[in-house]
Amino acid sequence: MMVLNENQSLKSYNTFGIDVSARWLARFASADELGEVVDWAGNRRLLVLGGGSNVLFTGDVDGVVLLNEVKGIQLLNEDEDYVYVRAGAGENWNGLVQYCIGRDWAGLENLSLIPGNVGAAPMQNIGAYGVEIRDVFWELEAWSLEERRVKTFTSSDCEFGYRESVFKRRMKGQFVILSVVLRLRKEPIFHTSYGALREELAGRELSIRAISEAVIRIRRSKLPDPAEIGNAGSFFKNPTVPVAVHEELKGKYPGIVAYPTEGGGVKLAAGWLIEQCGWKGFRRGDAGVHARQALVLVNYGGASGGELFALSEEILQSVRLKFGVELEREVNIL
Ligand code: FAD
Ligand code: EPU
């Protein structure tokens, strides 16, 4: 049976630690329970939440926050090269990663320690250290709020892009992801081309465990732990600019950090751009820019979503003014 709370603080349900409240908070652990909640909700606004690690609340939610608690990890199928693993959307992402590494199923090791739940992972097309979930994604099941039934999405249906999917764009707010199937390798292919990862692994024997441990060490050294200081990871995306724009910027700023992309443009390190504008370590009240990673905005305790949003706006403007580059927020503003 569904559980419903009224006027519930969301402070412990978002990693920024923003103290807003939800008019109602409901939990569901299956498609049937979700159906019940949706029936109850009628025309009220619905908002699905996983681990709350990629959202910035700018005000109270006058509607129903749905906490996805669909659990379970199952080996569905296997062939000579692959295993097909299904995980409930409410499973912790890193829990799934470690479960698979423990069984020698390869493909998730570079994505170790990313906060949040399985359900949001394809929605965001999470990525780190040269791998994105789309590289191992097989299919997912999602509940259509409009048609009130479960639908299956293949990889191409999901329209994955850099931190993008159909669920963030064309079909925003229309589906609740219930479970995800990943296709993992029995024989690993190691992805170690990301600079920081290659350095961390130097002189060690390669294995999916070694990669996972190296990724975890790098992440712990750079990224603030939300249990200690509120944040939602990278606040902005790394922007892509045409080659000519990069050339021009490079002429003016020889230290600019950039990577070629498959699409032909050049991806700029937003953290570098923000640092050059003098924001790294900045603090006003309890809103700030992390001292070791300028791409991460932080809440030292009592910042409001509005204060953090205003800070992000100032950062956007200063990067636009200095470099003529437009940053885009990665975090979902609610
Ligand atoms: P939430 O924040 O709860 O939700 C995110 C969005 O998805 C919301 O719009 C929500 O409505 C929607 N949503 C959630 N669940 C569902 C569902 N079941 N069905 C439909 N919609 C849903 N991300 C990376 O890609 N790479 C990183 O390296 C990375 N590092 C991070 C480091 C830190 C310290 C932090 C705090 C965050 C980091 N992130 C990173 C961002 C975050 O971990 C991911 O975006 C993650 O997938 C969010 O999962 P969540 O369950 O917390 O989603
Ligand atoms: N840099 C700076 N100053 C900074 C931060 C970064 O100069 O303050 C430069 C450095 O040269 C560094 C480069 O930027 O080498 C890249 O930095 P880093 O390796 O930390 O990665 P990122 O581009 O800042 C991206 C993702 C992260 C992901 C890492 C590792 C985005 C928006 N962010 O960060 O994802 O973990 O790469 O792959 O693509 C997230 O999405 O929330 C997230 C944390």
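The values are calculated or read from the model by the stated rules, or taken from the named source; none is laboratory data. On a predicted model such as this, the values are computed, not experimentally measured, just so you know. Ideal geometry is used to build each Cβ from the backbone, glycine not excepted, and the neighbour counts take in all protein chains shown. Ligands, DNA and RNA are excluded from the accessible area calculation, which covers all protein heavy atoms including side chains. Shrake-Rupley method; radii C 1.70, N 1.55, O 1.52, S 1.80 Å.
Straight-line cross-link partners of residue 322 among the aspartates and glutamates, defined as a Cα under 19 Å from its Cα and at least 8 positions apart when in the same chain: 247, 248, 275, 313, 314. Taking all protein chains into account, the per residue accessible area for the chain stands at 47 Å² (1.4 Å probe). Cβ-Cβ distance of residue 156 and residue 77, R₀ of 22 Å, FRET efficiency by 1/(1 + (r/R0)^6): the value works out to about 0.65.
Ligands, DNA and RNA excluded, the heavy atoms of residue 309 present near 70 Å² of accessible surface to a 1.4 Å solvent probe. Label separation (residue 186 vs residue 6): 5.7 nm, computed from points 7 Å beyond Cα along the C-beta direction.
Within the accessible surface of the chain, defined with a 1.4 Å probe on protein heavy atoms only, the carbon and sulfur portion equals 47 percent. If you look at the Cα atoms of the chain, you get an Rg and a Dmax of 20.3, 63 Å. Dividing the summed helix terms, -39500 (n - 2.57) for each DSSP H run of n ≥ 4, by the number of residues in the chain produces a 222 nm estimate of -7500 deg cm²/dmol to the nearest 500.
Surface calculation, 1.4 Å probe, protein heavy atoms: residue 15 sits at approximately 30 Å² accessible. When the Cα positions of 193, 137, 233 are compared along the charge dipole of region 105-246, 233 comes out farthest toward the positive end, with charges on each C-beta of Lys, Arg, Asp and Glu.
Separation of region 79-147 and region 27-76, taken as the distance between their Cα centroids, equals 19 angstrom.
Put a dot 7 Å past the Cα of residue 206, heading toward its Cβ, do the same for residue 43, and the two dots end up 5.9 nm apart.
Toward the positive end of the charge dipole of region 116-196, with +1 on the Cβ of Lys and Arg and -1 on the Cβ of Asp and Glu, the farthest Cα among 124, 173, 158 is that of 173.
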